[in-house]
Amino acid sequence: KEILDSRPVTDLEVSYALDGAAVNALNFPHQAGTKTLDVLLNDENLVWNLVSNRDWCQVLTPSGKGPGKAVLKVSANDSFDARENATLTFVAGDYRGFQIPVTQRAAAFIISQSYFLSAKDGGEFTVKVTTRAGTDWNFSSDDFISVNASPSVGEGDYTTTTLTLRPSTNDGASRLGAVRLSSGEDT
């Protein structure tokens with residue numbers, strides 16, 4: 001029987017919630033992101049840590065006392081393969097348990113450059129978009145950015161399309177625009 005602070009571990013209850021809803025697994029899209037996980041436990045005085053076993057999934061606020069929160073940060077998955085699952089483990093003293101798995105989806109797109117800075121006269125920029133062969137996708141942009149796609153070039157299991165971006169001349173205040181790529185549920 002495991003002992004934690006002079007009492008049997010069987011007395012300890014730990015659960016997790018995200019946005020008020022109980023969770024027993026976490027899933028992230030391929031983009032970098034953060035989530036705040038509620039760590040719910042039945043001991044107001046227990047000091048604990050939450051530990052990840054993968055570098056791509058970091059616990060930014062790993063420790064707490066009693067019920068608390070842990071902020072998780074995942075780096076972008078710039079691969080067409082889903083990440084190897086991470087496991088978050090609740091640690092209190094020598095006790096390790098109450099694990100929760102974390103997954104991250106594969107990227108639908110790999111792009112050559114994620115942002116550009118344009119002068120007042122607009123200019124022209126190119127970005128290469130690589131997808132798995134056979135992936136149906138499209139793009140949209142803010143009104144002041146025209147986008148032209150070159151014919152796609154296939155190479156093995158992948159297809160690359162070059163997008164030419166042309167922001168219009170800007171005589172006013174600074175502006176921020178975007179070109180959005182989408183394929184199914186991935187954006």
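To the nearest 20 debye, what is the magnitude of the charge dipole of segment 142-187 about its Cα centre, counting +1 on the Cβ of each Lys and Arg and -1 on the Cβ of each Asp and Glu?
220 debye
Skip the ligands, DNA and RNA, and give the accessible area per residue of the chain with a 1.4 Å probe, whole Å².
Working: 11150 Å² over 187 residues.
I get 60 Å² per residue for this part.
Once you sort the root eigenvalues of the Cα gyration tensor of segment 78-156 as a ≥ b ≥ c, which label holds: rounded (a/c under 1.5), prolate (a/b larger than b/c) or oblate (the other case)? List each step's numbers first, then the result.
On the way: a/c = 4.02, a/b = 2.12, b/c = 1.90.
Prolate, because a/c is 1.5 or more and a/b exceeds b/c.
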(message) What distance in nm lies between label points placed 7 Å from Cα along the C-beta direction at D94 and I110?
(response) 4.7 nm
(request) Springs between alpha-carbon atoms under 10 Å, Gaussian network over the chain: tell me which of L26, L176, L41 tops the mean-square fluctuations. (result) L176
(message) Bins of 10 Å, beginning at zero and ending with the bin holding the largest distance: percent of Cα pairs per bin for segment 1-157, please.
(response) 9, 29, 22, 17, 12, 7, 2, 0
(message) Is there a quick way to get the dipole size of the chain? I mean about its Cα centre, with the Cβ of Lys and Arg at +1 and of Asp and Glu at -1; what is the value in debye to the nearest 20?
(response) 220 debye
(request) Pull out the extension gain between K69 and S150, defined as 0.36 nm times the separation in residues minus the alpha carbon to alpha carbon distance; nm, one decimal. (result) 24.4 nm
(message) Bin width 10 Å, origin at 0, all Cα-Cα pairs of segment 112-172: what percent of pairs per bin?
(response) 21, 47, 23, 8, 1
(request) Compare the Cα positions of G122, L88, A149 along the charge dipole of the chain (+1 at Cβ of Lys, Arg; -1 at Cβ of Asp, Glu; about the Cα centre) and return the one farthest towards the positive end. (result) G122
(message) What whole-number distance in Å separates the alpha-carbon centres of segment 37-86 and segment 131-175?
(response) 36 Å
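With a 1.4 Å probe and all protein chains left in place, how much of the accessible area of segment 28-170 comes from carbon and sulfur atoms, in whole percent? Spell out each step's value before the answer.
On the way: 3790 of 7990 Å².
Here carbon and sulfur together make up 48 percent of the probe-accessible area.
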(message) Within 10 Å of each candidate Cβ there may be at most 13 other Cβ atoms; applying that plus a DSSP loop requirement, which trypsin sites (Lys or Arg not before Pro) in segment 1-110 survive?
(response) K1
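The values are calculated or read from the model by the stated rules, or taken from the named source; none is laboratory data. These figures come from a predicted structure and were not determined experimentally. Because the Cβ atoms are built from the backbone with ideal geometry, glycine has one as well, and the counts that use them run over all protein chains shown. Calculation scope for accessible area: heavy atoms of the full protein, side chains included, ligands and nucleic acids excluded. Shrake-Rupley method; radii C 1.70, N 1.55, O 1.52, S 1.80 Å.
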